[in-house]
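Data block below; observations after.
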Amino acid sequence: RALKRPPEEMVRLLQGRAAARKCTPEVVAFVRLRWPDLIAHRSYGAVGRLLRELKTVFGITLSLSGVRPLIQALKHPAPAAGPAETGLPRGANLEKRETTASCSEIPAAGVPTAEAADNQGVSAVSTPPPSGHNAQCSPFFPQDPQPGNYWCEHAGVLIFAALLGAISKVSGNTQDILAQWLAALWLGAANIEQTKFLHWEDLELILGPGVRYPTQQREKLQALAADPQLIQGLFGFNQQLLGDAVGTDLYFDPHVKHYTGEQNVLKGWCSKIRFADKILQSDFIHTAQGAPIYFETTDNFADLRERFFGVVKRARTTLGWPAERVLTMIVDRGIYGDEVFERVLADPYLQLITWEKGFVAEPWDPALASGKMVMTRCRNSSTDLRTYHFASFERPWKRNPKLRQIVVQATAPNGRKIQVSILTDDGKRKAEQIIQLMFSRWLQENDFKYLDQHFGINQITSYRCIEYEKLKGQVDDREVRSGTRKALDQRLHQATRVLAKDLLAEEHALLAHTRRQVQIQELTATLAAAPAAETPEGKAQPRRLKQLRKLDEMYEAARVKRRGDIAEHHELIARIRAEIETTAATESRLEAMIQADMVKLEPSSKRLLDVLRITARNGFYQALQPFKKSYDNYRDDHGQFRHLTHSPGVLEVSSTEVLIHLFPGGSYGGEFQRIVSQTLETINQQQLEHPKLPGRRLRFRLAHRSELDLKVRIGT
């Protein structure tokens, strides 16, 4: 009877429990066939696409764990027993060859081997790179590179080799991912998601194996951000990068990011939209040269005048400044307040320079001007100068004689004059120095736009949030005006305004009524004394009398309604005042936030990446200076130098050095080629080393397309 069963049922019976498995031989064969094509198209999300295709083709729903063993086997196949023909990586020797070499022995993706390099120039290929897990491993790591030529899409970023090599050693444990994020910022990836546009195989030639996918990067970021010692080390690294230019004159400025997400975060004034809305607050400290050196990311739970002293105190600790170091903070009008001035005057190691808020220009008497000075600013080049003239006099400030008031009249090159007042508790510094510091704040102000456009300082980074319920004991609570009391005061104000409007209307109506009564009496007496004349004026008198009496009737009707409204408003005001008497005037700000279900965006992940962002900005500015001086064109020098650092190139590796042939996009004229070559020679004099190959000197040169031999090999 068993032999009479259908063949399909016989197969199922012979398979036993395995017959119910979804990964049938047909499914396995399909996966092996489709996997290379899926990762060649786009490796990120390839497993998800594979599972959807299996459901479409076979009508089965597999879990990730169900196909994971098979995928792992495809990613890491067992080594072949004998020689096998393999396609070479991008840029390798152009002829097919038989090889048993391991992945680490294959030349770099995108570069020709030493044997394929032409003695007259560098040989490169335009075959597209392998992608995803199908890509060839880096030929550099873990072993030293073999001499030869290697194409690298991100060769220009090696201009920052010294910082890339040092940043990963900031903490006790080497963190190579810090160098990866720093390089990504220089290459234009303002956030982790944008790193998908980088060429990871070529980036390995510079930094070694990295963390490629955004999910893993975010997990690593969250883990590292929880280490306060690492954050402090990065701030110290940034300060060391700036060197002696840090000084003690510092600009303090809050920076607001408009938050458009769904989280219930605190609102504040956003100058971008000129409206109060959800914001993310960052308090920055810049050097007198405009370089960011310290910041804190928070919200406006505390006012700027409250945050200011805490930020300065924590900056001292984080940056290792001694407590007796006198700091001069230059701040805009947001810090203005009597309580702030008193606290500054009480601190011998803190000085403040700020604008006087609400200052009204006075008639200017040139005879009173005790000081005059001139400031020059460059526009498009070092020779394109604009001159500003300043005249000033000083006196003790009327509201607080312990402060100096410096009244300044500034004249722009176009002749426009403004008059401002500067307040400071620094009694020793010359007025000219104070004026120069205040009128140079544009360095710091303009830097925020640059930080946002090129380094992503406004990126949210992490959308995780913390409920204010969990912040008890971590924030300084204070008594603030009660929200209920504030609402009642607002209702009382509105009711009082309406009542005042009705009372004024009643008064005007009564005056009009009185005038009409007089006119009615006069017209009545005139008509009673003599009949109306035959003139037009005489005929109009009865009509006018009728109109006045009708207006009086309307007044009486409106008067009844208006007086009823006035009585109701009096009662409403009495009720509101009674309610105000029983309502507390103040309340705990923290408890109010908890009751309103307010949250605070988790700042640690953003803070870690933002430290790297300001480090990238400062490192870029320092590397830019030789080019800036030679090029002397301030309109696009940053863009030209950034274009150079984004250049692809060929790494010509020898046992002692790495010669980097840069191939920037675009056409360079003869004079500009000379400037770029001169800049690269200046960089060569720094004797930089490869970030991951100590002892291998880096040497840069500007290459030309004529030095390339292009060869294309289609198929294998």
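Worth a mention:
- Subset tally (residues that are in contact with an Asp or Glu (Cβ under 6 Å, 6 or more places away or on another chain) and modelled with pLDDT under 90) for region 697-716: 1
- Test for residue 556: is it among the acidic types (Asp, Glu), out of contact with any Gly (no Cβ under 9 Å at 6 or more places or on another chain) and at pLDDT below 85: yes
- Residues (out of contact with any helix residue (DSSP H, G or I) (no Cβ under 8 Å at 6 or more places or on another chain) and in a loop (DSSP other than H, G, I, E, B)) located in region 688-716: 703, 704, 712, 713, 714, 715, 716
- Filter pass, residue 478 being among the charged types (D, E, K, R) and either more than 53 Å from the chain's Cα centre (by Cα) or open to solvent by less than 70 Å² (accessible area, probe 1.4 Å) (or both): yes
- Some residue of region 633-648 being at pLDDT below 95, in a helix (DSSP H, G or I), more than 18 Å from residue 152 (Cβ to Cβ) and of a type in the set (Asp, Glu): yes
- All positions within region 237-268 that are open to solvent by less than 50 Å² (accessible area, probe 1.4 Å) and part of a strand (DSSP E or B): 249, 250, 251, 252, 253, 254, 255, 256, 258, 268
- Residue match in region 308-322 (condition: farther than 21 Å from residue 438 by Cβ, open to solvent by 60 Å² or more (accessible area, probe 1.4 Å) and in a strand (DSSP E or B)): no
- Test: residue in region 431-452 that is assigned to a loop (DSSP other than H, G, I, E, B), touching a strand residue (DSSP E or B) at 6+ places or on another chain (Cβ under 7 Å) and basic (Lys, Arg): yes
- The residues of region 670-700 that are farther than 17 Å from residue 206 by Cα and open to solvent by 40 Å² or more (accessible area, probe 1.4 Å), listed by number, are 670, 671, 673, 674, 677, 678, 681, 682, 685, 686.
- Selection of region 292-301 for residues being open to solvent by 10 Å² or more (accessible area, probe 1.4 Å) and not acidic (Asp, Glu) yields 297, 298, 300, 301.
- Given (1) surrounded by 12 or more Cβ atoms within 10 Å (Cβ to Cβ); (2) out of contact with any Pro (no Cβ under 7 Å at 6 or more places or on another chain), index of the condition residue 304 fails: (2)
- In region 195-217, of all residues being within 22 Å of the chain's Cα centre (by Cα) and free of Cβ contacts under 8 Å to residues at least 40 places away in the same chain, the one that is farthest from residue 178 (Cα to Cα) corresponds to 197.
- Candidate set from region 151-192 (those that are among the β-branched types (Val, Ile, Thr) and closer than 14 Å to residue 238 by Cα); member that is surrounded by the fewest Cβ atoms within 10 Å (Cβ to Cβ): 170
- Taken residue by residue, region 156-167 has no member that is in a loop (DSSP other than H, G, I, E, B) and either touching a Phe, Trp or Tyr at 6+ places or on another chain (Cβ under 6 Å) or under 26 Å from residue 459 (Cα atoms) (or both).
- The set of residues in region 504-553 that are among the hydrophobic types (A, V, I, L, M, F, W, C) and either at pLDDT 85 or above or closer than 30 Å to residue 566 by Cα (or both) comprises 504, 505, 509, 510, 511, 512, 518, 520, 548, 551.
- The number of residues in region 271-326 being at positive phi and either touching a residue at least 60 places away in the same chain (Cβ under 8 Å) or under 16 Å from the mean Cα position of the chain (by Cα) (or both) comes to 2.
The values are calculated or read from the model by the stated rules, or taken from the named source; none is laboratory data. Computed from a predicted model, the values in this text were never measured in an experiment. Every residue, glycine among them, receives a Cβ derived from its backbone with ideal geometry; neighbour counts consider all protein chains shown. For accessibility, only protein heavy atoms count, side chains too; no ligands or nucleic acids. Shrake-Rupley method; radii C 1.70, N 1.55, O 1.52, S 1.80 Å.
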